[in-house]
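The values are calculated or read from the model by the stated rules, or taken from the named source; none is laboratory data. Fair warning: this is a prediction, and the values are worked out from it, not measured in the lab. Cβ placement follows ideal geometry from the backbone for every residue including glycine, while neighbour counts extend to all protein chains displayed. Just so you know, the surface numbers come from the protein's heavy atoms only, side chains and all, with ligands and any DNA or RNA stripped out. Shrake-Rupley method; radii C 1.70, N 1.55, O 1.52, S 1.80 Å.
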Amino acid sequence: EQEVMMYRTKRDISVEGHDVPRPIRWFPEAGFPAYCLDVIAKLGFVEPTPIQSQGWPMALKGRDLIGIAETGSGKTLAYLLPAIVHVSAQPKLEYGDGPIVLVLAPTRELAVQIQEESLKFGNQANVRSICVYGGAPKGPQIRDLKRGVEIVIATPGRLIDMLEGKHTNLKRVTYLVLDEADRMLDMGFEPQIRKIVSQIRLDRQTLYWSATWPREVETLARQFLRDAYKVVIGSQDL
Ligand code: ADP
Ligand code: MG
């Protein structure tokens, strides 16, 4: 226990919530499938970043989570690898099924970046992940959705278009990620987020990720969270 506290202090990790799992120190401890560890090794990663070290065991518990850490600290894989584990535990998908994992991101650029990270890992596991964003033709995105997917990475506006057009549905979503939650609110996406989240089952796992965490974000986030862990890397007064 003392050791865990020293480990957290050294990496500037603070945690909130009950029954917080201990941080993992090296990749194999997380319990990811072997092919994930292979990809990690190929990428040359030496050790988990602090947000991964504490965020992975939390996310893998299946509980809600708020993860706050500066840009460039590895938040994408902090939620994507547990997402792949989550998908692997679900029944095989059928043609036209909606996603199991939904990642909401504020911009097309970010959505594409997340997709690139996802493809590095998901491919080996037959976990299909697609990207749905505005400012691009809908046709290819509709075709991708119709084939059935496990992971959808979307900007809010285009996802709502797709839902209204009945090109996909959120009935199977049990793992919901809001990435760059602070920017999504700054950009005025709150009504869209509400609309999307209201279509997702309540027994989902919800994960918020952000570089900053202003009070307004906390207030909105808490409405969609139950019994959440919180992990903050670095100074609390963001
Ligand atoms: P954030 O979302 O926190 O801004 P990203 O998830 O975009 O950060 O990660 C930034 C970069 O760090 C990416 O290129 C990613 O592949 C890399 N990265 C992720 N995890 C690790 C790790 N454990 N060790 C080294 N690099 C990593
Ligand atoms: Mg990020």
Q. Is it the case that some residue within segment 68-91 is open to solvent by 30 Å² or more (accessible area, probe 1.4 Å), at pLDDT 95 or above and more than 19 Å from Trp209 (Cβ to Cβ)?
A. no
Q. Residues of segment 74-104 being in a helix (DSSP H, G or I), of a type outside the set (A, V, I, L, M, F, W, C) and in contact with a Gly (Cβ under 9 Å, 6 or more places away or on another chain), which ones?
A. Lys75, Tyr79, Pro82, His86
(Q) Just to verify a result, which residue in segment 120-153, among those that are within 16 Å of ligand 1 (Cβ to nearest atom) and surrounded by 14 or more Cβ atoms within 10 Å (Cβ to Cβ), is nearest to Val87 (Cα to Cα)? (A) Ile151
Q | Hey, Arg194 of a type in the set (D, E, K, R), assigned to a helix (DSSP H, G or I) and either in contact with a Leu (Cβ under 8 Å, 6 or more places away or on another chain) or within 16 Å of ligand 1 (Cβ to nearest atom) (or both) or not | A | no
Q: Pairs only if they're at least six apart or on different chains, beta carbon under 7 angstrom, first in segment 105-125 and among the hydroxyl-bearing types (Ser, Thr, Tyr), second open to solvent by less than 50 Å² (accessible area, probe 1.4 Å) and more than 12 Å from ligand 1 (Cβ to nearest atom); list them, first residue then second.
A: Thr107/Thr155; Ser118/Ser129; Ser118/Ile151; Ser118/Ile153
Q.
Restricting to segment 154-181, name every residue that is within 19 Å of Leu80 (Cα to Cα) and among the charged types (D, E, K, R).
A. Arg172, Asp179, Glu180
Q. For residues in segment 200-217 being open to solvent by 40 Å² or more (accessible area, probe 1.4 Å) and closer than 22 Å to Thr76 by Cβ, which is farthest from ligand 1 (Cβ to nearest atom)?
A. Pro214
